[in-house]
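Read the structure below first, then the notes.
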Amino acid sequence: MDVMFYLTFNFILYSFLGWLIEEVYSFAITKTFKKEGFLIGPFKPMYGIAFTILVICNEILEIQGGSLILLYFLIPTTVEYISGYILKHIFKKVYWDYSKYKYNIYGYITLSFSVCWMILCYIGINFFHPVVHELYLLAEKSLYIVLYTSLLLIIFDLILTMQDYKKILFNRKNIKD
């Protein structure tokens with residue numbers, strides 16, 4: 001098995017599933033789908049990064065038991081904090097704000113959602129991902145075109161997003177001058 005290909009597959013799959021989970025959650029809470037995200041397409045890299053790191057911890061580093069459960073809490077929480085900080089301070093965007101929740105840190109993370117991420121990661125790694133892993137092994141050779149096409153779409157999406165943010169930041173500088 002090509003490890004980098006496998007990790008890239010996980011990143012793309014879980015970035016898409018993260019977007020899907022957010023859309024379902026938004027609809028369940030607000031009866032509307034989210035209007036915007038950092039990327040234009042149906043990918044949330046924050047989820048792909050966090051879950052792929054957990055796959056590495058579980059499958060490659062073979063971390064098990066209580067240590068892995070602690071990582072189910074720490075890794076998504078850390079990725080969410082870093083993502084929120086970067087989005088706010090570099091791109092001047094706030095996509096979530098937990099400041100009204102008890103036990104939050106600067107509105108980027110909160111204990112209640114961190115516990116939710118931990119539970120979702122436990123379910124994902126222990127029940128969902130083993131099925132994904134087996135399906136991946138069965139279809140690995142035929143996934144190359146799908147994976148590379150998806151990766152190119154994400155890169156293209158990121159380029160478009162960065163161009164939009166470059167225009168926004170450039171216009172803000174001109175307005176201040």
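Within the stretch 78-92, can one find any residue that is touching a residue at least 60 places away in the same chain (Cβ under 8 Å) and outside any helix (DSSP H, G or I)? Break it down into steps so the answer makes sense when it comes.
Applying the first criterion (touching a residue at least 60 places away in the same chain (Cβ under 8 Å)) to the stretch 78-92 yields 91-92.
Retained after the next criterion (residues that are outside any helix (DSSP H, G or I)): 91-92.
Yes: one or more hits.
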Discussion item. Residue under question is residue 108, and the condition is that it be at positive phi, in contact with a helix residue (DSSP H, G or I) (Cβ under 7 Å, 6 or more places away or on another chain) and either among the hydroxyl-bearing types (Ser, Thr, Tyr) or free of Cβ contacts under 8 Å to residues at least 40 places away in the same chain (or both); does it hold?
Written reply: no
Worksheet item: Out of all the residues in the stretch 73-93, is one or more of a type in the set (Phe, Trp, Tyr) and in contact with a strand residue (DSSP E or B) (Cβ under 6 Å, 6 or more places away or on another chain)?
Response: yes
Worksheet, complete the sentence: Per the filter on the stretch 17-53, residues under 22 Å from residue 138 (Cβ atoms) and either of a type in the set (Lys, Arg) or touching a residue at least 40 places away in the same chain (Cβ under 8 Å) (or both) are 51, 52
Worksheet item: In the stretch 23-44, how many are within 20 Å of residue 118 (Cβ to Cβ) and buried (at least 19 other Cβ atoms within 10 Å of the Cβ)?
Response: 1
Fill in: Selection count where residues are under 19 Å from residue 81 (Cβ atoms), in a loop (DSSP other than H, G, I, E, B) and hydrophobic (A, V, I, L, M, F, W, C), scope the stretch 9-60
1
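We did not get these values from a lab; they are worked out from the coordinates using the rules stated. Given the structure is predicted, the values throughout are model-derived calculations rather than measurements. Here the Cβ is made from the backbone with ideal geometry for all residues, glycine too, and neighbour counts use every protein chain on show.
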